[in-house]
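Structure in structure tokens, see below.
We did not get these values from a lab; they are worked out from the coordinates using the rules stated. Quantities reported herein were computed from a predicted structural model and do not represent experimental measurements. When we count neighbours, we look across all protein chains shown, and the Cβ atoms used for this are built from the backbone with ideal geometry, even at glycine.
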Amino acid sequence: MQTIIETVQPYVNTIVTAAAGVLTAFILGGLNKLKTKVNVWLEARTTAAQREVIHKIAGEGFAFAQTAFKQAGGERKLQEALQYTTLQLAEQGITVSAVEIRSAIEKAYLEYNSKTKAIVTESQPNEEATQAAAKEAVSSLAAKVSEILTQATGLEVTTKVESVTVQDTSPAERATVAGLAME
């Protein structure tokens, strides 16, 4: 019996070693898959937090360029905002492509424009309301003039206001004409 055990033992050792190797391979493969899933989850979480930081810093960059470079053109302001945002993100240890930074700054610009246009629209009355108010003022003025004329002359004056056209009284742009002789 001892000879049978001695004869079978190398085969049993080989089978046990192979089974242990296969089991180890499955465990390592499972751990590797788990590692990639955890990395993807962490990357998604970190990216969401970083995106929030990127948009805040891009908003700061836009505000900085808008206030510090008031007389500069749009392209110069954009370059200054890009430079500010890139430096701030580098200090935070966030590496982002130039296209992503630019898109974040332009998003801040669009949000700023939408807010300022909403405020301007609310504060300025529309043209129809202005014309209606002007017509009412002209009618009221015509009635007052009629009343004053009636009191002054003793005669009754009938006024009829049918249509009032309100013209824009803002100064027109001046054109420069050179080479004309004035008489």
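Using a cut-off of 28 Å between alpha-carbon atoms, which lysines can reach Lys107, once sequence neighbours fewer than 8 places away in the same chain are excluded?
The reachable lysines, counting only those whose Cα sits under 28 Å from Lys107, are Lys56, Lys70, Lys77, Lys115, Lys117.
Considering the options Ile54, Leu23, Met1, tell which one lies farthest towards the positive end of the dipole of the stretch 1-55, charges being +1 on Lys and Arg and -1 on Asp and Glu at the Cβ, about the Cα centre.
Farthest towards the positive pole: Ile54.
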